[in-house]
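A short write-up of the structure that comes next.
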Amino acid sequence: MIRLPLIPGFIILEPEGHFGDRVNRPDANPRTVFFFDVDNTLLDNDRVAEGLKQHLQNKVGEGSAQRYWEIFEQLRTELGYADYLGALQRYRLERPRDPKLLAVSHFMINYPFANRLFPESLDAVEYARRLGRAVILSDGDVVFQPRKIDRSGLYEAFEGHILIYIHKELELDDVEAKYPAEHYVMVDDKVRILAAIKKHWGARVTTVFPRQGHYALDAAEVARYPKPDITLERIGELQNYPLQQILAAAGK
């Protein structure tokens, strides 16, 4: 079940019959909340994109596929997040009679995202749930990102504790209102996002940087921002850190 935005750029996914219960129960405020990004943090989105590139080339040809990715990058610049279905819709405006687009759409909607979870990603989530509360804090569109989270099994793993914004680093006051806690842990593959969140919450947040995906492996990009509190070579390494070490890493 998708709860449509009450605030522009924001949605919560929750099970039927539990709208609001996930964030508003007075007994649901643990001392520590672990926020996890999705793409290239828990799920290998680079492999998803590579699979889509190959599928596009097979279905529409190299030239048309290249045009799709040009539109995709334009749209990402406009929106600030990756919108695969939005790019396909805009691409369709240029080729409204191309029946192959239906096959591409089917490929996207029915992609086996569960096969693209990083090794031990679900173990890391379960470990965080034993230490506090685990919540997805992601950027994305209102259709494809929730679909990805559902089909990957992450919706179930997080028990419906899902926040999706357009720019999550600009919505931290709202995030805190929905998940109040003494301390936060943010796990994200983008140092830009981690730096912005650290600037907002300071010593109340531990930033955790899994070096996975093309953003995390871009040495020049990483060097532009302050060093995160904890760096992991893979997401499963989170399980090696006891809670006190995670809290202390924030600079308290």
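The values are calculated or read from the model by the stated rules, or taken from the named source; none is laboratory data. Fair warning: this is a prediction, and the values are worked out from it, not measured in the lab. Every residue, glycine among them, receives a Cβ derived from its backbone with ideal geometry; neighbour counts consider all protein chains shown.
Worth a mention:
- Residue list for segment 189-225, restricted to those being charged (D, E, K, R) and assigned to a helix (DSSP H, G or I): 192, 198, 199, 204, 221
- Conditions (1) exposed (fewer than 14 other Cβ atoms within 10 Å of the Cβ); (2) in a loop (DSSP other than H, G, I, E, B); (3) touching a residue at least 12 places away in the same chain (Cβ under 8 Å): number failed by residue 114: (2)
- Scope segment 35-87; condition loosely packed, with under 15 Cβ neighbours inside 10 Å, in contact (Cβ under 8 Å) with a residue 60 or more places away in the chain and not small (Gly, Ala, Ser); matching residues: 47
- Inter-residue pairs, beta-carbon under 8 Å, first touching a residue at least 60 places away in the same chain (Cβ under 8 Å) and within 21 Å of residue 44 (Cα to Cα) and in segment 232-252, second among the charged types (D, E, K, R) and part of a loop (DSSP other than H, G, I, E, B), 6+ apart: 234/120; 234/211; 235/120; 236/120; 239/120
- Summed over segment 81-108, residues that are acidic (Asp, Glu) and part of a loop (DSSP other than H, G, I, E, B) total 2.
- In a residue-by-residue description of segment 180-189, the property of being outside the structural domain of residue 52 (by TED's automatic domain parsing), out of contact with any Phe, Trp or Tyr (no Cβ under 6 Å at 6 or more places or on another chain) and on the phi > 0 side of the Ramachandran plot applies to no position.
- Leading residue by the ranking (surrounded by the fewest Cβ atoms within 10 Å (Cβ to Cβ)) among those in segment 170-188 that are touching a Lys or Arg at 6+ places or on another chain (Cβ under 8 Å) and not in a strand (DSSP E or B): 182
- Options 126, 70, 50; residue that is in a helix (DSSP H, G or I), in the same structural domain as residue 185 (by TED's automatic domain parsing) and either modelled with pLDDT under 95 or not hydroxyl-bearing (Ser, Thr, Tyr) (or both): 126
- Segment 177-200 residues that are over 19 Å from residue 224 (Cα atoms), paired with ones that are of a type in the set (Val, Ile, Thr) and modelled with pLDDT under 95 (beta carbon under 6 Å, 6 or more apart): 178/23
- Candidates 230, 164, 235: the one that is over 26 Å from residue 83 (Cα atoms) and buried (at least 17 other Cβ atoms within 10 Å of the Cβ) is 230.
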